[in-house]
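Encoded as structure tokens, the structure appears first; notes follow it.
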Amino acid sequence: MTTSSASSEAAQTAMIPQREPPVRRRGVPGWLRQNLFSSPLNSLVSVVMLVVTVMVLWPLLQWAVVQADWLGETRQACTGEGACWVFISARLESIVYGFYPESEIWRVNIVFAMLAGVIAWLVLPRLPAKGWMALFALTGFPIIAFFLLAGGAFGLMPVPTRDWGGLMLTLTIAVVGIVGSLPIGILLALGRRSSMPLVRGVSVVFIEFWRGVPLITVLFMASVMLPLFVPSEVEFDKLLRALVGIMLFWSAYMAEVVRGGLQAIDKGQDEAGMSLGLGYWQRMGLIVLPQALKLVIPGIVNTFIALFKDTSLVLIIGLLDLLSIIQAGLTDPEWLGYAMEGYVFAALVYWVFCFSMSRYSQRIERKLHTGH
Amino acid sequence: MWRSVRRSRESGALWRDPSFRALLVQAVLLIALTAVIFVLVFNTMNNLEERGITTGFGFFGERAGFSIPQTLVEYSGNSTYAMTFLVGLLNTLLVSAMGVVAATLIGFLVGIARLSPNWLLAKAAMVYVEIFRNVPLLLQILFWYFAVLRALPSPRDSLSLFEAVFLNIRGLILPEPLPQPGFSAVLWALLLAVVASVLLVRFARRRQDRTGQRLPAGWLSLALIVGLPLAVYAINGFPLNWEMPSLAGFNFRGGITILPELAALWLALSIYTAAFIAEIVRSGIQSVAHGQIEAARSLGLSSGVTLRKIVVPQAMRLIIPQLTSQHLNLIKNSSLATAIGYPDLVAVFAGTALNQTGQALEIIAITMAVYLTISLVVSFLMNLYNARVQIKER
């Protein structure tokens, strides 16, 4: 009796309050000790990295901000040691709109606003009816945007595509490429998994062909060979040729991404659809594809990023996208010697788009992983 | 299945029979495909005839009549288009090989750095990856070429290292090694040392399997590979002279010149692709289950052995296929050379040769076929390797 009461006294029944971590691990010094100076080697690496970082960042900051010239209209405004951002601001309008007529720029702005709205709707998790919005983004929006940009109908002044340029052209190519390559890619992916040998064979050859050649040869082919393929009376717009090439090329990559999703869907889903008496397109459209596409959203977005970056290749066939407008500006005799500013600005624009897309895809990836 | 098919046949509707429908769909596809190809060929023939272009590969034997700044084989303006093709192909392969090696090296270093316990190093690696993979490659190539290498001094004010290596706007100029008679023995010694060390490593492994005793095979073969050629080199009286580049007028004479175009392309390709390889390496290493490392520790393996024998082989299984596809991307991306005028296959063959001959159809088809062949060969080799390292299920 006495022993048991003694032991119950000895045994703690109440929880011991959590103790603070030791001083060595607390606060800023603790964090520094753990992450930067945990061992002699680690400390050495930290010191070296710190020196390198400062040696890189300090001159960069000096050049880009502190000693840079921001205001002005002409080259004479650039007197400092640092970057001459006047080079960018003086030609900002052509960088964004190319040679689009000034009186019609509002049309481009409407399209920009619509694009931003559609993307925001699709990305923000709270807004409803994402499926309808996606359908609109793939069908209604491109049609409206086409009539707004190209004009020639509804009393809008026609603007030939050779006047399109800058960021607006880059976004146009990117959006058309994305909107066009996704449906073709889905069809190819389904074709590659078909049980019909001819359909499968054609899809495999098509996909492997485009994936095996560089985009630049595809663009060359589109600009040199496409006119040969059609009757000589048909006039083929230069931009349209590039777009056809880009769409075909990326649809092959898209097909491989979608195929990954199709393979991840359990065969039982398809079989259950079959036993319900659904036809092939009903099973694919209502059961398999919605699940598969949801799975591969990160992969699709990554393909979008690659496509977006590769729109810059149209420079080589002479379209004036964002990069080529800046590249052309560098050869302007008024503004020689500002290559660094031009490229850094262009890089920043591309980077903002690509980085936000990659962050979005990472977020989706994390969201998809919660099920496990 | 069979029964259902039978029943549907009995009910009379032939188009409800799946196998018949499959046949029908494929027949329609075949007809449509043939029609499309026929129309394309017909249009092309018509167009070519209208423009007075004769098709065929006869142009390969004609004189090209333009010179190329960097050639790995004998080439002049009098050479044929076949030689132009070869020069372009070799230049493509050169920059691709250089890029693959450098990108893999940088990629592995950065990928491992991203997993470093050192916060600064890990973040620096992350910044590297996020910057370089989110900016178009073409922009990076133009940046290195026009903003960095074009800003270098003229040959007269070259940056120099020990008065032997010079860097200026014309490129990087290195001393050229001139092998003297007797130098081939050194190369043979090197080959012999490599073969010997391969055998040594094999022997050491077999001995360890048999007796449990280890040989320091790594160090021994390193000594062999470095030591043997050096010894032969010394015995033969150092049979290698260096031709130093020297300033003559406005340019350098002698030495090997690495064109700024090659340097810019190489830098951009390696740095860009390395960012992707780093991510692949990081995710590959992270994918190795933590229990594996803990098990190795509990067996008493040191952290170095754990890394070499447990983590890396398992990570490699995931890394290799993705790494190959990055290497293939690099080879295909080397075609961007044409933007800065590095004389690769696309620039000299699909560019200059196409403009001169007008044989667009043939030249584009050959160029595409080359890249397609490279892609297929590399993926085939990698599939072989992959089959070897995959988990063997017994």
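Things worth noting here:
- Measuring nothing but how far apart in sequence close Cα pairs (under 8 Å, 6+ apart) lie, relative to its length, chain A scores a relative contact order of 16 percent.
- A dipole drawn for the range A:52-210 from +1 and -1 charges on Cβ atoms has a positive end, and of A:Leu61, A:Ile178, A:Trp164 the residue lying farthest that way is A:Ile178.
- Area projected by the alpha carbon convex hull of the range A:23-66, averaged over all directions, nm²: 3.8
- Choice from B:Phe38, B:Phe60, B:Phe349 showing the highest fluctuation, given a GNM over chain B with Cα pairs closer than 10 Å: B:Phe38
- Solvent exposure of the protein assembly as shown, expressed per residue, is 55 Å² of accessible area, with all protein chains present and a 1.4 angstrom probe.
- Rounded to 5, the percent of DSSP beta bridges in the protein assembly as shown classed as antiparallel: 90
- Distance between the range A:140-193 and the range A:42-106 - C-alpha centres, whole angstrom: 32
- Most positive-pole-ward Cα, A:Phe236, B:Leu93, A:Pro197, against dipole of the protein assembly as shown from beta carbon charges: A:Pro197
- Between the alpha-carbon centres of the range B:15-94 and the range B:337-382 there is a gap of 11 Å.
- Centroid-to-centroid separation of the range B:206-268 and the range A:293-372 [C-alpha atoms, Å]: 40
- Taken about its Cα centre, chain B carries a charge dipole of roughly 2140 debye when the Cβ of each Lys and Arg holds +1 and the Cβ of each Asp and Glu holds -1.
- Pairs of Lys residues in the protein assembly as shown, spaced 8 or more positions apart or belonging to different chains, with C-alpha separations under 22 angstrom: 7 in total.
- Between B:Thr92, B:Thr55, B:Thr367, the Gaussian network model of chain B with springs among Cα atoms under 10 angstrom shows the greatest mean-square fluctuation at B:Thr55.
- The portion of the accessible surface of the protein assembly as shown made up by carbon and sulfur, rounded to a whole percent, is 67 (1.4 Å probe; DNA, RNA and ligands excluded).
- Estimated [θ] at 222 nm from DSSP helical runs (n ≥ 4, -39500 (n - 2.57)) normalised by residues in chain A, nearest 500: -21000 deg cm²/dmol
- Computed magnitude of the charge dipole of chain A (debye, nearest 20; Cβ of K, R +1, Cβ of D, E -1): 1540
- Estimated at 0.36 nm per residue, the fully extended path between A:Met157 and A:Leu127 surpasses their Cα-Cα distance by 7.2 nm.
- Residue order for A:Cys354, A:Cys78 - accessible surface, 1.4 angstrom probe, largest first: A:Cys78, A:Cys354
- Each Cα pair under 8 Å and six or more residues apart adds its sequence gap; the mean of these over the residue count of the range A:1-157 is a relative contact order of 9 percent.
- Charge dipole magnitude, Cβ of K and R +1, D and E -1 - the range B:1-121, Cα centre, debye nearest 20: 940
- A loss of 40 Å² or more of accessible area (1.4 Å probe, protein heavy atoms, ligands and nucleic acids excluded) relative to the isolated chain is seen in these residues of the range A:335-363: A:Met340, A:Tyr343, A:Trp351.
The values are calculated or read from the model by the stated rules, or taken from the named source; none is laboratory data. Bear in mind the structure is a predicted one, so any value in this text is a computation, not a measurement. Counting neighbours? That spans all protein chains shown, and the Cβs are built from the backbone with ideal geometry, glycine included. Heavy atoms of the whole protein, side chains included, go into the accessibility calculation; ligands, DNA and RNA do not. Shrake-Rupley method; radii C 1.70, N 1.55, O 1.52, S 1.80 Å.
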